[in-house]
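*Asks:* Have a look at this one before I ask anything.
The values are calculated or read from the model by the stated rules, or taken from the named source; none is laboratory data. Bear in mind the structure is a predicted one, so any value in this text is a computation, not a measurement. As a convention, Cβ positions derive from the backbone with ideal geometry for all residues, glycine included, and neighbour counts pool all protein chains shown.
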Amino acid sequence: MTSVIKIILNKERIPHVDIDFMNNTHFEEIDMVQELGELITEYQQNETSKENEANKITPLLGNWLQHTLAHFDRENSLMLETNFPMYPVHSGEHDNALAEMTRIVTTWELDKDIGMLADYVFNVWPEWFNNHVNSMDMITAQFAVMNGFDPHSLPSK
Ligand SMILES: [Fe+2]
Ligand SMILES: [Fe+2]
C-alpha cells in the first residue's frame, strides 16, 4: 500500500489576514474540514458500517458547500464595497474553487468514491485554501483596511 500524505490545516498555522470576519470564517471552515477528515478516516478504516459513515459524511459536505458559498459571497461583497482592483482575479479563484467543490460533492453523492473525496479533502483543498488565503485574501484584507474598512466590523451581509 502506498503511503498517503494528509494535509491537515490548523487554525494557528494558517495565514491570518487583517480583517476579523474573514479569519473567523476561515477558522470555522478549518473546524468543518477537520470533522469531515475524521469521518473520512473512520470510513476508510471501518470495513463493516460504511453506509453508516457515508450517511454522516454527506450532510457535512452539504454544510461545507453552503459555508463556502457564504464565505466567498462575503469576500466578493467586501471587494466591491472597497473597490478592490483585483476583484476579477480573486472572485475568479472563488468561482473555480466553488465549481470544483460542487463537482466533488455531486460525484460523492452519486458513487461514494471515498478515494476521490479523501484526495480532495486531505490534499487538493488544503493546498488551495492555504495558497488562496495567503495571497488573494491577504491582499484583499490589506487593501480594504488601508482604504478605511474597520478590521473589526461585521460583514455587510
Ligand atoms: Fe477567504
Ligand atoms: Fe477569498
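*Asks:* Quick one: in the range 97-142, which of the residues that are away from ligand 1 (no atom under 16 Å from the Cβ) and among the aromatic types (Phe, Trp, Tyr) is surrounded by the fewest Cβ atoms within 10 Å (Cβ to Cβ)? Lay out the reasoning, then the answer.
*Replies:* Let us first name the residues in the range 97-142 that are away from ligand 1 (no atom under 16 Å from the Cβ), namely 99, 102-124.
Add one more test, that the residue is among the aromatic types (Phe, Trp, Tyr), and what stays is 108, 120, 122.
On the way: Trp108: 18, Tyr120: 20, Phe122: 20.
Ranking the candidates gives Trp108 first.
*Asks:* Right, another one. Which pairs have Cβ atoms under 9 Å, sit 6 or more apart or on different chains, and link a residue in the range 95-119 that is at positive phi and part of a loop (DSSP other than H, G, I, E, B) to one that is surrounded by fewer than 16 Cβ atoms within 10 Å (Cβ to Cβ) and at pLDDT 95 or above?
*Replies:* Short answer, once both residue conditions are applied: Lys112/Thr58.
*Asks:* How many residues does the range 143-157 hold that are in a helix (DSSP H, G or I) and surrounded by 14 or more Cβ atoms within 10 Å (Cβ to Cβ)?
*Replies:* Start the filter on the range 143-157 by keeping residues that are in a helix (DSSP H, G or I), which leaves 143-146.
So of that shortlist, the ones also surrounded by 14 or more Cβ atoms within 10 Å (Cβ to Cβ) come out as 143-145.
The number of residues fulfilling the criteria is 3.
*Asks:* May I pose another question? More than 22 Å from Asn131 (Cβ to Cβ) and part of a helix (DSSP H, G or I): is that true of Ile57 in this structure? I'd like the intermediate steps shown before the answer.
*Replies:* Details: more than 22 Å from Asn131 (Cβ to Cβ): yes; part of a helix (DSSP H, G or I): yes.
Here the answer is yes, as Ile57 does meet what is asked.
*Asks:* Would you check which residues across the range 94-123 are over 17 Å from Ile5 (Cβ atoms), of a type in the set (A, V, I, L, M) and in contact with a Leu (Cβ under 8 Å, 6 or more places away or on another chain) and list them?
*Replies:* Leu98, Met101, Ile104, Val105
*Asks:* Identify the residue in the range 81-94 that is surrounded by 12 or more Cβ atoms within 10 Å (Cβ to Cβ) and more than 10 Å from ligand 2 (Cβ to nearest atom) and, among all such residues, is nearest to Glu35 (Cα to Cα).
*Replies:* Keep residues of the range 81-94 that are surrounded by 12 or more Cβ atoms within 10 Å (Cβ to Cβ), which gives 81-82, 84, 86-87, 89-94.
So of that shortlist, the ones also more than 10 Å from ligand 2 (Cβ to nearest atom) come out as 81-82, 84, 86-87, 89, 92.
Values: Glu81: 34, Thr82: 34, Phe84: 34, Met86: 33, Tyr87: 32, Val89: 30, Gly92: 28 Å.
Among those that are surrounded by 12 or more Cβ atoms within 10 Å (Cβ to Cβ) and more than 10 Å from ligand 2 (Cβ to nearest atom), it is Gly92.
*Asks:* Still on this structure: Report, ordered by the first and then the second residue, all pairs with beta carbons closer than 6 Å, sequence separation of six or more or different chains, a first member in the range 10-39 that is more than 19 Å from Leu69 (Cα to Cα) and in contact (Cβ under 8 Å) with a residue 60 or more places away in the chain, and a second member that is within 14 Å of ligand 2 (Cβ to nearest atom) and charged (D, E, K, R).
*Replies:* Val17/Asp137
*Asks:* If you don't mind, another one. Between residues in the range 127-148 that are without any contact (Cβ under 8 Å) to a residue 12 or more places away in the chain and residues that are in a loop (DSSP other than H, G, I, E, B) and surrounded by 13 or more Cβ atoms within 10 Å (Cβ to Cβ), which pairs lie under 6 Å by C-beta distance while being six or more apart or on different chains?
*Replies:* Pairs that qualify, where the first residue is without any contact (Cβ under 8 Å) to a residue 12 or more places away in the chain and the partner is in a loop (DSSP other than H, G, I, E, B) and surrounded by 13 or more Cβ atoms within 10 Å (Cβ to Cβ): there are none.
*Asks:* Next question. Name the pairs: first residue in the range 72-88 and in contact (Cβ under 8 Å) with a residue 60 or more places away in the chain and more than 17 Å from Val133 (Cβ to Cβ), second residue polar (S, T, N, Q) and more than 11 Å from ligand 2 (Cβ to nearest atom), Cβ to Cβ under 7 Å, at least 6 apart or on different chains?
*Replies:* Cβ pairs passing all conditions: Ser77/Ser156; Glu81/Ser156; Thr82/Asn147.
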